[in-house]
Amino acid sequence: MGAGHAHLLHRHGSSPVHLLPPHCKLVAVLGFVLVVVSTPREAMWAFGVYALLLTGVAAVARVPPGHLLTRMLIEVPFVAFAVLLPFVAEGPRTEWLGLSLSESGLWGAWNVLAKGTLGVAASVLLATTTEIRDLLLGLQRLRLPAQLVQIASFMIRYGDVIADEMRRMRLARLSRGFEARGPRHWGVLAKSAGALFIRAYERGERVHLAMLSRGYTGTMPVLDAQPAGRAQWIRTALLPATALVVCLAGWALR
């Protein structure tokens, strides 16, 4: 946790967004997402304004559109779910290009797509402009339970270790001529998953014993998280505050 740990989402930079304290950005993103979720789905114009706000943040942070869009592909399963809603939902139906679609399903699909996409975009912007170590510092500064911060720290630090173990096991299978081609090979993959679990568990025990031998008592050293000034809080509050005004206008004009 004390060492730097680069990740694929982060993009190094020195923009005003990069330099903001991590706990301020965490609060701003959380507030923005809560406002977006609270917006009535009928206020379609409001979601367009939210998208413009995030576009402005990305421009200030100097994040290329391609970098942002490719990392938003994580929401593809939610998009697939939203596409199915108009076909499976009940209620009054409407015809479009020869298809019978549920009106409530169309509204539900729009609701999922709009709010989900904006939430993912805000989260990706946060990860793009903030190092993982800084995010942990921000969570610690916000008084998140220490156990949760430790769990997140260990997941980040040892996730790559487990991934490397998976790659080595895969190479070992390939070197022995194994290639999964159908259900009859699922048994071998299941045994590999079980072996990976045992190896990860044993590695965790060894790491825990090593930590105990170095004086670990159940709590990690408190990292130095600098407090944010009033000006920094004001700058980070611009995004959720503007979104809140848009949300209230959406409810008023509904």
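The values are calculated or read from the model by the stated rules, or taken from the named source; none is laboratory data. Given the structure is predicted, the values throughout are model-derived calculations rather than measurements. Please note: Cβ atoms are built from the backbone with ideal geometry, for glycine as well, and neighbour counts cover all protein chains shown. For the accessible areas, the whole protein counts, side chains as well, though only heavy atoms, and no ligand, DNA or RNA atoms are used. Shrake-Rupley method; radii C 1.70, N 1.55, O 1.52, S 1.80 Å.
Answer yes or no as to whether V222 is at pLDDT 85 or above, under 30 Å from L26 (Cβ atoms) and among the β-branched types (V, I, T). Answer is no for this residue. For the condition out of contact with any helix residue (DSSP H, G or I) (no Cβ under 9 Å at 6 or more places or on another chain), open to solvent by less than 90 Å² (accessible area, probe 1.4 Å) and farther than 30 Å from V57 by Cβ, what is the one hit in L209, L174, L196? Step by step, each of L209, L174, L196 is checked, and only L174 is out of contact with any helix residue (DSSP H, G or I) (no Cβ under 9 Å at 6 or more places or on another chain), open to solvent by less than 90 Å² (accessible area, probe 1.4 Å) and farther than 30 Å from V57 by Cβ. Please indicate, with yes or no, whether at least one residue in the stretch 229-241 is touching a helix residue (DSSP H, G or I) at 6+ places or on another chain (Cβ under 6 Å), over 21 Å from Q140 (Cα atoms), of a type outside the set (K, R) and modelled with pLDDT of 85 or more. Looking through the stretch 229-241, at least one residue is touching a helix residue (DSSP H, G or I) at 6+ places or on another chain (Cβ under 6 Å), over 21 Å from Q140 (Cα atoms), of a type outside the set (K, R) and modelled with pLDDT of 85 or more. Within the stretch 80-99, the only residue that satisfies the criterion of being out of contact with any Ser or Thr (no Cβ under 7 Å at 6 or more places or on another chain), open to solvent by less than 50 Å² (accessible area, probe 1.4 Å) and either small (G, A, S) or within 22 Å of F32 (Cα to Cα) (or both) is A82. Every condition in (1) modelled with pLDDT under 80; (2) part of a loop (DSSP other than H, G, I, E, B); (3) open to solvent by less than 80 Å² (accessible area, probe 1.4 Å) is met by G215 except one, and the failing one is (1). Considering the stretch 14-88, the qualifying helices (runs of 4 or more DSSP H), each wholly inside and each with 3 or more residues that are free of Cβ contacts under 8 Å to residues at least 40 places away in the same chain and under 17 Å from the mean Cα position of the chain (by Cα), run over 76-88. Could we say that Y158 is among the aromatic types (F, W, Y) and open to solvent by 60 Å² or more (accessible area, probe 1.4 Å) here? Yes, satisfied.
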